[in-house]
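To start, the structure under review is shown below, and the notes come after it.
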Amino acid sequence: MAEIWELYKNSHWVVPFLTFSIYLFVLASFTLYLIIVWSRSRNIRRERLRKEYNIEIERLLSSVIFEDRTYSDFKEDKNFLVLFDTTFYREVVIESIINLHKNYEGVFAQKLEQFYKESGLIKDSFRKLKSLKWEVKCKGITELAEFNIIEAFDKIIIFAKARNKTLKITAINACIKLAGIKGIVHLTQHRDPIDDWTQVNIINAFKKHDIGDISGVELLLESQNTTVIALGLKLIKELKLTQKVPFVAQLAAQTPNLTIKYEAQNVLQTLTV
């Protein structure tokens, strides 16, 4: 310990330390500059490619929708296959299909769904669920839900318990779209509190997707989690589920929790007036 103190007092270490620090700072600054330049040039190149790709993709999807062409028809074009194998091109294709799918219904929407499956783009979406990045998982979930891939439900519902709030909400909304009330019944066993923002998003998902079959929503009232019970009451109230009044009345009469009791009574008053 004394030797270290003596070394510190003689100050011989100061000059080498400062020299090393300056060199390290310059190197770090130069490296950061190169990274910024590379990132910027990469983004510019991607945007340029996106504009070029969009022109070709518009023609491609127009022929799919209006000329009844399928993915098999394009496989004869070697240039198309080479381009379609590039990751970024496939990403742009998925984005374009989703935008069109949101605006079309019936036969046109079915043609887009068929192309999405036959071309293997559906595999890209499933692959995104395995990503370590939550935003990539959200993208995969949104894509699968948009194209009504029911078989993805069991994989997506796992993320309904994710710690990341955005990922959790995205997964729950997707499950509601794919399976209706089944997409939230699993919340009866949910131990963590469901915050107000998540509850609002769940309610909006039901309103947005116009879920017809709401049998089972009363199961939320049987949960040991008070926030899940509150969610069930809000759903019954917002969706005006008067057929669930007996379950709400039973809850109001039996629950020892005063907050839940008052909420249940408020729902009863709203639905029975």
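The numbers here are math on the coordinates, done by the rules we state, and not lab data. Here the structure is a predicted model, which means the values were calculated and not measured.
Would you list which lysines come within 28 Å of residue 240, measuring only between C-alpha atoms, while excluding same-chain residues fewer than 8 positions from it?
Once the sequence-local lysines are set aside, what remains near residue 240 is 102, 161, 165, 168, 177, 182, 207, 208, 261.
Measure of size requested: the Rg and Dmax of region 187-272, with Cα atoms as the atom set and Å as the unit; please supply both.
My reading of the Cα-based Rg and Dmax gives 12.0, 35 Å.
Give the Rg/Rh ratio for the chain, taking Rg as the radius of gyration of the Cα atoms and Rh as the Kirkwood radius, to two decimals.
With Rg and the Kirkwood Rh in hand, the quotient comes to 1.20.
Could you compute Rg(Cα) / (2.2 N^0.38 Å) for region 85-198, with N its residue count?
1.10
So what does log10 I(q)/I(0) come out to for region 7-144 at q = 0.14, 0.21, 0.22 Å⁻¹, using the Debye formula with one equal point on every Cα and no solvent?
Once normalised to I(0) and log-transformed, intensities are -0.76, -1.30, -1.37.
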